[in-house]
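Enquirer: Would you mind keeping the following structure in view while I ask a few things?
The values are calculated or read from the model by the stated rules, or taken from the named source; none is laboratory data. Predicted, not measured: the structure shown is a model, and the values here were computed from it. Cβ: placed from backbone, ideal geometry, glycine included. Neighbour counts: every protein chain shown. Quick note on the areas: whole protein, heavy atoms, side chains included, nothing else; ligands and nucleic acids left out. Shrake-Rupley method; radii C 1.70, N 1.55, O 1.52, S 1.80 Å.
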Amino acid sequence: MRLGAKSRQFAMWAAEFWQRTWHIGIVLAASVLPFTWFLTHGTFRIFGDESFGAVYDSMARHLAHGSVAVDADAISGEAFRHNGKSYAYFGPAPAVPRIVLNKLFPNLYGKWTKLSILLGAILSMVLAMAILRQLPPLLRRESRAPGRLAETVFCVAIGPASTLLFLCSRAYVHHEAIVWGAALLLLSAFLVLRYWRCGRPGLMILAGMAASLAFFTRPTAGAGALALLAGAAAGGWALARHASKPVSLEVRRVTWVTACCIVATWALSLAYNKARFGSWLESVPVRLHVQYTEKRLQHIHGSLFNWRAAPQNAASYWLFPNLALTGLFPWIESTSKFVRETDRVKYDLIEPHASVLATEPALLLLAVCGVVGAIVLACRRHSRPLILIGALAVGTATLLPVVAVSERYVHDLYPFLAVAGGLGLAWLPARPRAFAAAAAVPLVCWGVFAMSALALIFQRDIVWGIPDERRSQLIALSVLANQTREVLALKDRVLPARLETKVTLPCQEGELRVQTADRSVLRCTQKHWETLPFPEVKRFHLVLPPNWPAVLEPLVSAGKSGAADFIYIAYPAAGQVQIGYDHWGGAGYRSGAIAAAPGGSMDVTVVMDALSDTLLVSVDGKEVLRQRAHFHSWTSDEIALGVNALGGSVAPKFSGLLTPM
């Protein structure tokens, strides 16, 4: 009977829980689909191989034998070499579960990254929603949820409309560390909120453990978690002093827990640095990194940190749009045009990225409401909301002096946005909250589209390690979505077998066909099939030479000597450049004058689409050249950036710096 009563109680609790959260459950379940699609490149094979996905597995194997080294082939180009061994700058926390997992499932060694990122993304959403449910009591309002519409919109905003979707674009160790660092920070924040509500010191011990794990996963996230612990402890003392009461035993215990957690985390961090790099204080000694040459070190003055970069980084991550409209599917792309080097600020890495305002506007507006609400409550001597979001802001601030910008780093802002956004939603009165939720729907839809577009481009075009098949699929999508009616009909005109160039078959002049065997394209010319080069999209960052040369310098060269196409840069006058196209044996074209300074920089996108005989060049997101162009027949292997070994009227080498994006 007792067992039956407990079963009925559990059934009643489960029914009530589902009644309160079914809408959240539907969003969470629906979010698994796009997350998994991106992580697996559309195959839904969650345990497939991934380039640069075995770092934590290698770290786990070494940790099990008392070493903090990693295998050189696992860490590859991200290795730090010291005393003949390879080390990673990544924290060891995500490697610990793999010690057990790889013992139980040895055949899955190096294949856990996709599943890990998926679980970290879903856990982040769950924790953000759990924090939202904890906020009304913190605001001293009746303990009720903000409403199903508001919660549903918020759940989408922190899920597929956030940088979580972008981090699912590739199963890299970089993305895994960032996802789990943010998730563990949210876990620590949730436990602190539970402590404020229930008053159980044991919850602060768990929060301290989560904060330490966050630090040893992603230091920027760990800094925010540790700051929250310190703020919670300090707030207890301040509250007692304000009430002119003696500090309670509970507050003293919480203070000791916080102090022990911070000291232990710091001590372990120093020991970890010493074991890897022979130095107590250096956690990222770039001089030991295999990719850092003397020239590269001199460029950044030997350090990845420069506080002078903080204002520009803050504006770029939070406000500058860094989005450009394109004529190619998915129609938008991120840029890096707002980040500029100066004499005092030199960057080690500038990757395309979009600001929170541009891609997560709904979450940003809610976060602004949360900040305003926290300040208003602090003025009324209710400081805990301000302590909560202020501590999380500390974590975001540690990102700002880093002389490297990338879209993945924007996720370091996610915990602050999720908590401050939830605070804003909970703080708004019922009617303004309902209006805000309804008004946020189109902004959330835009966020889903923007993040999907950025994730797709990053996964299949920008980053290294992209399989040729995936890149070709994106190009094919771009062609089918953007080009002429003839090209749009290609999906219904596929040849069943591979054909060689100029095989005579019945065809209509100008007819296009796709060969499924090798993904090449055929066009009917003078009653025979002619093989065309597959559409190519090249993106690169240019740093112009300090002095204008008197020659045409190559940006893209494609083909063979005597049958090549060139995209070049010309220097017609002081303060001006032009982008040009040269077709060996045929006519060429040039853009209008583009204002530029010696040593300046620009982002260039070149689209060479033989299917529609179109050449498109854009500079910093602005189209500068669009012409019909009859390209020679060449393959992807015959394309070179910044050099010309084919001869012709273009110089052998670009004299500035060209970095593929």
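Enquirer: Report the dimensions of the stretch 304-360 along its three principal axes from the alpha-carbon atoms, largest first, rounded to Å.
Expert: 37, 19, 15
Enquirer: For A275 and A550, FRET efficiency with R0 = 51 Å and r from the beta-carbon atoms, rounded to 0.05?
Expert: 0.35
Enquirer: So how far apart, in nm, are the two label points at S303 and I99 if each is 7 Å from Cα heading toward Cβ?
Expert: Reported label-point gap for S303 and I99 is 3.5 nm.
Enquirer: Distance in nm between label sites at S561 and Q576, each 7 Å beyond Cα in the beta-carbon direction?
Expert: The modelled label-to-label distance comes out at 3.5 nm.
Enquirer: Using the Cα centre of the chain as the reference point, and only Cβ charges (+1 on K/R, -1 on D/E), how large is the resulting charge dipole? Debye, rounded to the nearest 20.
Expert: Computed charge dipole of the chain: roughly 3060 debye.
Enquirer: Could you state the accessible area per residue of the stretch 311-351 in Å², with a 1.4 Å probe and every protein chain left in place? Walk me through the intermediate numbers first.
Expert: Numbers: 1840 Å² over 41 residues.
That works out to 45 Å² per residue.
Enquirer: Please work out the C-alpha center-to-center distance from the stretch 195-212 to the stretch 312-367 and express it in whole Å.
Expert: 36 Å
Enquirer: Mind checking the per residue accessible area of the stretch 537-661 for me, 1.4 Å probe, whole number of Å²? Please list the in-between numbers first.
Expert: Details: 5090 Å² over 125 residues.
Per-residue value: 41 Å².
Enquirer: Turning to a different aspect of this structure: In what order, largest first, do M125, M12 sit by accessible area if the probe radius is 1.4 Å? The partial results should precede the final answer.
Expert: Details: M125 0, M12 135 Å².
Descending order: M12, M125.
Enquirer: Taking Cα centroids, how far is the stretch 216-274 from the stretch 1-73 in Å?
Expert: Centre-to-centre (Cα) distance: 30 Å.
Enquirer: Which of the lysines could be linked to K274 by a straight reach, that is with a Cα gap under 20 Å, when you skip same-chain ones fewer than 8 residues away?
Expert: Partners within reach: K85.
Enquirer: Right, something else. Taking the Cβ of L101 as the center, what net charge do the other residues with Cβ under 11 Å away carry, scoring Lys and Arg +1 and Asp and Glu -1?
Expert: Counting the neighbours of L101, the net charge comes to +2.
Enquirer: About its Cα centre, what dipole magnitude does the stretch 82-151 give when the only charges are +1 on Lys and Arg Cβ and -1 on Asp and Glu Cβ, stated in debye to the nearest 20?
Expert: Magnitude of the dipole: close to 60 debye.
Enquirer: Set the Förster radius R0 to 30 Å, insert the Cβ-Cβ distance between L657 and V441 as r into 1/(1 + (r/R0)^6), and round the FRET efficiency to 0.05.
Expert: Taking R0 as 30 Å, the efficiency between L657 and V441 is 0.10.
Enquirer: Pairs of Cα atoms under 8 Å, at least six residues apart: use those to get the relative contact order of the stretch 553-608, whole percent.
Expert: On the way: 84 pairs, mean separation 13.3, N = 56.
Value for the stretch 553-608: 24 percent.
Enquirer: Separate question: Under 8 Å for C-alpha pairs, at least 6 residues apart: give me the relative contact order for the stretch 302-367, rounded to a whole percent.
Expert: Working: 72 pairs, mean separation 23.9, N = 66.
Over the stretch 302-367, the number comes to 36 percent.
Enquirer: How much length would be gained if the chain were fully extended between R431 and T293, taking 0.36 nm per residue of separation minus their Cα-Cα distance, in nm to one decimal?
Expert: That pair, R431 and T293, stretches by 43.8 nm at full extension.
Enquirer: If you consider only alpha-carbon coordinates, what radius of gyration and Dmax does the chain have, in Å?
Expert: Taking only Cα atoms of the chain, I get Rg and Dmax of 27.8, 96 Å.
Enquirer: Assuming R0 = 35 Å, can you tell me the calculated FRET efficiency for the pair R20 and R241, based on Cβ-Cβ distance, to the nearest 0.05?
Expert: So, using R0 = 35 Å, E works out to roughly 0.35.
Enquirer: When the helix-only estimate is applied to the chain (DSSP H runs of n ≥ 4, each -39,500 (n - 2.57), divided by the residue count), what is the mean residue ellipticity at 222 nm, nearest 500 deg cm²/dmol? Don't skip to the answer; put the middle values down first.
Expert: Working: 20 runs with 308 residues, N = 661.
When only DSSP H runs of four or more count, the value is -15500 deg cm²/dmol.
Enquirer: Please state the relative contact order of the chain as a whole percent: Cα pairs under 8 Å, 6+ residues apart? If you can, show how the numbers build up before the last one.
Expert: Values: 1221 pairs, mean separation 75.8, N = 661.
It comes to 11 percent, rounded to a whole number.
Enquirer: Plugging the Kirkwood radius over Cα pairs into Stokes-Einstein for the stretch 1-127, at a temperature of 20 °C and a viscosity of 1.002 mPa s, what D comes out in µm²/s?
Expert: Numbers: Rh = 17.5 Å.
Reported coefficient: 123 µm²/s.
Enquirer: Taking the Cα centre of each part, how many Å lie between the stretch 595-638 and the stretch 395-439?
Expert: When both Cα centres are located, 37 Å separates them.
Enquirer: Work out how much length V284 to N107 would gain on full extension: take 0.36 nm times their residue separation and subtract the Cα-Cα distance, in nm to one decimal. Intermediate values should be presented prior to the final figure.
Expert: Numbers: separation 177, 0.36 × 177 = 63.72 nm, distance 3.25 nm.
Residue separation times 0.36 nm, minus the Cα-Cα distance, leaves 60.5 nm.
Enquirer: Please identify the helices of the chain, taking whole runs of DSSP H, that span at least 15 Å along their own axis as judged from the Cα atoms and have a mean Kyte-Doolittle score of 1.0 or higher.
Expert: Span-like helices in the chain: 113-138, 173-198, 201-215, 361-379, 384-397, 414-427, 430-457.
Enquirer: A further question on this structure: Once the stretch 1-68 is represented by equal point scatterers at the alpha-carbon sites, with solvent omitted, what log10 I(q)/I(0) does the Debye formula produce at q = 0.13, 0.15, 0.24 Å⁻¹?
Expert: Log10 of I(q)/I(0), two decimals: -0.73, -0.76, -1.01.
Enquirer: Something else about it: Whose amide H sits under 5 Å from the amide H of G656, counting only residues 5 or more places off or on another chain, with H placed in the peptide plane?
Expert: none
Enquirer: Which three extents, in angstrom, do the Cα atoms of the stretch 57-195 have along their principal axes, listed largest first?
Expert: Cα extents, longest axis first: 60, 31, 29 Å.
Enquirer: Just the number please: accessible area per residue for the stretch 228-309, 1.4 Å probe, all protein chains included, in Å².
Expert: Values: 5080 Å² over 82 residues.
Solvent-accessible surface per residue comes out at 62 Å².
Enquirer: Same structure, new question: Sum up the charges of everything whose Cβ sits under 15 Å from the Cβ of A450, counting Lys and Arg as +1 and Asp and Glu as -1, but leave A450 out. Write out the running numbers ahead of the final one.
Expert: On the way: positive: none; negative: E333, E360, E407.
Residues close to A450 contribute a combined charge of -3.
Enquirer: Another question, if that's okay. About the Cα centre, and with charges only on the beta carbon of Lys, Arg (+1) and Asp, Glu (-1), how big is the dipole of the stretch 535-661? Nearest 20 debye, please.
Expert: 200 debye
Enquirer: Compute, for D637, the solvent-accessible surface of its heavy atoms (probe 1.4 Å) with the complete set of protein chains present, and express it in square angstrom to the nearest 10.
Expert: 150 Å²
Enquirer: Rounded to the nearest 10 Å², what accessible area does I389 have for a 1.4 Å probe in the complete protein model?
Expert: 10 Å²
Enquirer: Please report the accessible area of W318 (heavy atoms, 1.4 Å probe, ligands and nucleic acids excluded) in Å², nearest 10.
Expert: 50 Å²
Enquirer: When only alpha-carbon atoms are used, what values of Rg and Dmax, in angstrom, describe the stretch 607-661?
Expert: Both quantities, over Cα of the stretch 607-661: 12.9, 32 Å.
Enquirer: For every other residue with a beta carbon closer than 13 angstrom to the beta carbon of D620, add +1 if it is Lys or Arg and -1 if Asp or Glu, then tell me the sum.
Expert: Numbers: positive: K337, R340, R539, K622; negative: E333, D603, E623.
Cβ neighbours under 13 Å give a net charge of +1.
Enquirer: Which of the listed residues, V254, P94, V339, is farthest toward the dipole's positive end in the chain, when Lys, Arg count +1 and Asp, Glu count -1 at the beta-carbon?
Expert: V254
Enquirer: Give me the percent of accessible area attributable to carbon and sulfur for the chain, probe 1.4 angstrom.
Expert: Values: 18340 of 29280 Å².
C and S fraction of accessible area: 63 percent.
Enquirer: Another one. Near K560, which lysines are there with a Cα under 27 Å away, not counting those fewer than 8 places off in the same chain?
Expert: K502, K527, K538, K653
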